[in-house]
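Written out below as structure tokens is the structure these notes cover.
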């Protein structure tokens with residue numbers, strides 16, 4: 001028979017319970033051994049010498065909670081391969097690389113909208129309150145601890161509606177000033193929250209034609225935030241020179257070995273805070289913004305961190321938002337590690353893989369809702385794609401261009417991609433493949449991107465570099481067949497304005513006159529020339545740049561009829577005649 005045994009559960013629990021020791025230090029902090037000269041230890045100090053003596057990560061960041069519990073879930077930054085890139089020769093790019101600062105004004109001017117915009121934030125006055133959060137107990141506050149950085153400041157989120165483009169830009173600038181003010185007042189967490197809220201604005205594509213300009217405005221704030229964090233850590237990272245007892249600031253080409261542990265811990269805490277943000281897009285943007293701070297932790301290459309962030313972008317569903325996220329990562333990557341190239345290619349390959357998404361029903365529905373055609377929508381990708389390909393082409397060989405073209409042919413053969421490729425790679429590389437590019441333009445399966453833009457871009461490359469001699473006539477013949485089919489006079493003239501120089505450089509007066517004759521015949525019907533006097537005047541000026549024999553110029557059948565197309569009113573004919581006289585006088589010297 002079975003008999004029940006009496007068990008004293010309380011006694012058993014006490015026997016099995018491990019001994020508890022009171023600790024005051026963070027258990028997840030990696031051990032650091034620091035040699036210091038100390039007086040001979042007492043008995044009490046010997047008993048406590050086995051305890052870890054590093055700084056408390058919960059108090060290292062000036063009272064702000066670093067959320068360092070995330071350390072158990074996040075890989076060590078040093079294991080991710082973050083790197084110091086020494087400033088100097090490694091932080092340089094070639095003079096031909098166009099910096100982002102030169103592109104911003106053109107983007108803001110081109111991508112504008114008359115639609116009403118909205119902005120949701122908890123750091124600006126005014127607007128309609130749309131979210132109210134309360135935490136009535138201590139338990140609730142503990143429960144929401146990890147949500148404090150990702151959520152809006154409790155009880156004060158307001159949405160501002162019906163903003164014009166100028167009002168929207170003004171509000172964004174106010175957020176920028178609020179971030180600076182919070183930082184100057186040592187409110188680091190508030191500054192981080194503002195940066196997170198700004199990043200969340202990049203999720204919104206409700207007015208999609210304004211998205212490139214919004215990207216420029218928001219990333220300016222993120223760039224400033226990243227610079228503030230870097231400067232703050234750098235200012236705290238004083239070190240002792242060998243043989244000196246006086247702390248001095250870090251040199252420009254510092255190494256992680258010179259960075260004190262307290263500064264490294266502060267740097268890790270920033271990454272831990274950002275890692276706790278639950279939404280992908282704000283977490284990605286803010287971490288990318290402070291990527292330069294990795295230089296305080298390790299001297300390894302940035303490549304693995306940049307590749308990890310490249311993979312994170314695959315979780316962004318909207319193709320336009322993902323394209324600009326890739327643009328920002330490549331932009332920051334070029335500033336902190338211009339020699340790291342693998343992530344740039346990966347971002348471009350990933351873009352090619354996701355390009356078919358542009359034909360999905362969800363994109364078509366977006367275009368119907370916002371009353372956009374596909375051609376206009378595709379031009380929204382140009383700033384992001386141009387920058388990514390500029391990074392791909394930086395210092396690249398012709399073999400890489402062949403590889404890029406092969407991928408494009410195999411996957412999408414898009415006119416949008418061809419235009420960005422010709423813009424990014426060296427004109428010499430494009431000119432050597434001019435006939436191939438003309439063929440790709442003709443065979444493009446994407447007729448929604450303006451063909452005249454492609455032809456104009458190729459023409460600009462051929463102005464700067466010459467194609468192989470045996471291909472020159474065939475290139476002109478094939479390209480002109482496409483140009484002649486353009487229906488819009490403005491599109492037609494934008495191509496002729498560039499291509500007029502091609503026969504002037506490589507052929508005789510006969511070919512130039514034939515091209516001018518085609519131009520005159522295209523514009524005379526319906527008096528289309530009356531609406532484009534400035535373009536006609538520029539064509540005359542470009543033609544005159546290559547004239548060496550004015551007798552033969554005036555003998556051309558179609559040159560004087562071209563001058564007659566310039567209207568007397570508005571100064572276009574005067575501009576053309578002045579150009580003729582200036583060229584003639586220059587020839588006589």
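Throughout, read-outs are computed from the coordinates displayed, never taken from laboratory work. Every value quoted in this text rests on a predicted model; they were computed, and no experiment measured them. Cβ atoms come from the backbone with ideal geometry, glycine included; neighbour counts cover every protein chain shown.
Quick look at the numbers
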read-out: Between the range 169-204 and the range 378-438, the alpha-carbon center distance in angstrom; value: 37 Å
read-out: Additional length obtainable on full extension of the chain from residue 484 to residue 112, 0.36 nm per residue less Cα span; value: 130.8 nm
read-out: Linear extension gain, residue 170 paired with residue 545, 0.36 nm per residue minus alpha-carbon span; value: 130.5 nm
read-out: Alpha-carbon centroids, the range 319-351 and the range 295-317: separation in whole Å; value: 10 Å
read-out: Where only C-alpha atoms are counted, convex hull volume of the range 459-578 per residue in Å³; value: 100 Å³
read-out: Separation of alpha-carbon centers, the range 476-553 and the range 225-290, rounded to whole Å; value: 58 Å
read-out: Exposure proxy ranking, count of Cβ atoms within 10 Å, fewest first, for 569, 253, 204, 318; value: 569, 253, 204, 318
read-out: Two-decimal log10 I(q)/I(0) for the range 414-468, as the Debye equation yields it once each C-alpha is a single scatterer, q = 0.23, 0.27 Å⁻¹; value: -0.80, -1.07
read-out: FRET E, pair residue 352, residue 589, Förster distance 35 Å, beta-carbon r, rounded to 0.05; value: 0.10
read-out: R0 of 51 Å, Cβ-Cβ distance residue 205-residue 253: FRET efficiency to nearest 0.05; value: 0.75
read-out: Residues residue 370 and residue 464, FRET efficiency given R0 of 35 Å [Cβ-Cβ distance, rounded to 0.05]; value: 0.40
read-out: Proxy reagent accessibility, fewest Cβ within 10 Å first, across 363, 259; value: 363, 259
read-out: Fewest-first sequence of 343, 558 by Cβ atoms within 10 Å of each Cβ; value: 558, 343
read-out: Kirkwood Rh (inverse of mean 1/r, distinct Cα pairs), the range 222-276, angstrom; value: 12.2 Å
read-out: Peptides ranked, highest mean first, by Cβ atoms within 10 Å: ranges 274-285, 177-188, 320-331, 498-509; value: 320-331, 274-285, 498-509, 177-188
read-out: Shape box of the range 350-401 [Cα atoms, principal axes, largest first, Å]; value: 43, 19, 12
read-out: Potential extension, residue 96-residue 569 segment - 0.36 nm per residue separation minus Cα distance; value: 166.2 nm
